[in-house]
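Down below is the structure, laid out as structure tokens.
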Amino acid sequence: MKIIAEEQVTQNPTLDEVVAQDSQMKTWIVDYVGSRQEEGTQEITVSMIVETMAQEFPEFLMAIAEENWVRGYRQALEDINVGRTAEQAENGQRTLTEVEWVEGHRKHHDQND
């Protein structure tokens, strides 16, 4: 079994990639970020672009982060649904509708308060 450090699990390798100037927009962004870096910096990485965007256009990154969070949350709810449906099918139970499931949890919650 290979042991890896937490940093290896949490580090996104895409951030270390050098950005290829293969489109007009990438060229513009790389040139802009390059002009903000120390003299002599020749390779612009995704991380450098993210840092520059965070400093100069945080609203853009927040919009992306919020959308990503919402999509992840929706996916988690869908995964719960799929798991619940599979469990009910395995136990020979009828699959509840979303409304029935929510109402059941509300009643349970109200009884335990």
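Okay, here's what the table says:
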{"quantity": "Residue list for the range 63-87, restricted to those being surrounded by 11 or more Cβ atoms within 10 Å (Cβ to Cβ) and either among the hydroxyl-bearing types (Ser, Thr, Tyr) or not assigned by TED's automatic domain parsing to the domain that holds THR97 (or both)", "calculated": "THR85"}
{"quantity": "The range 55-83 - residue that is of a type in the set (Val, Ile, Thr) and at pLDDT below 90 and, of those, nearest to GLN37 (Cα to Cα)", "calculated": "ILE80"}
{"quantity": "Test: LEU96 is out of contact with any strand residue (DSSP E or B) (no Cβ under 7 Å at 6 or more places or on another chain), surrounded by 11 or more Cβ atoms within 10 Å (Cβ to Cβ) and at pLDDT below 80", "calculated": "yes"}
{"quantity": "Among the candidates ASN112, ASN68, residue that is more than 20 Å from THR14 (Cβ to Cβ) and either without any contact (Cβ under 8 Å) to a residue 12 or more places away in the chain or of a type outside the set (Gly, Ala, Ser) (or both)", "calculated": "ASN112"}
{"quantity": "The range 16-35 residues that are of a type outside the set (A, V, I, L, M, F, W, C), paired with ones that are in a helix (DSSP H, G or I) (beta carbon under 7 Å, 6 or more apart)", "calculated": "ASP16/SER47; GLU17/VAL46; GLN21/THR27; GLN21/VAL30"}
{"quantity": "Members of the range 1-31 found to be in a helix (DSSP H, G or I) and either farther than 13 Å from THR45 by Cα or touching a helix residue (DSSP H, G or I) at 6+ places or on another chain (Cβ under 7 Å) (or both), listed by number", "calculated": "GLU6, GLU7, GLN8, VAL9, THR10, THR14, LEU15, ASP16, GLN24, MET25, TRP28, ILE29"}
{"quantity": "Residue match in the range 41-49 (condition: part of a helix (DSSP H, G or I) and loosely packed, with under 11 Cβ neighbours inside 10 Å)", "calculated": "no"}
{"quantity": "Filter pass, GLY34 being assigned to a helix (DSSP H, G or I), modelled with pLDDT under 90 and among the small types (Gly, Ala, Ser)", "calculated": "no"}
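The values are calculated or read from the model by the stated rules, or taken from the named source; none is laboratory data. In this text, all values refer to a predicted model and were calculated from it rather than measured experimentally. Positions of Cβ are generated from backbone atoms using ideal geometry, with glycine treated the same way; all protein chains shown enter the neighbour counts.
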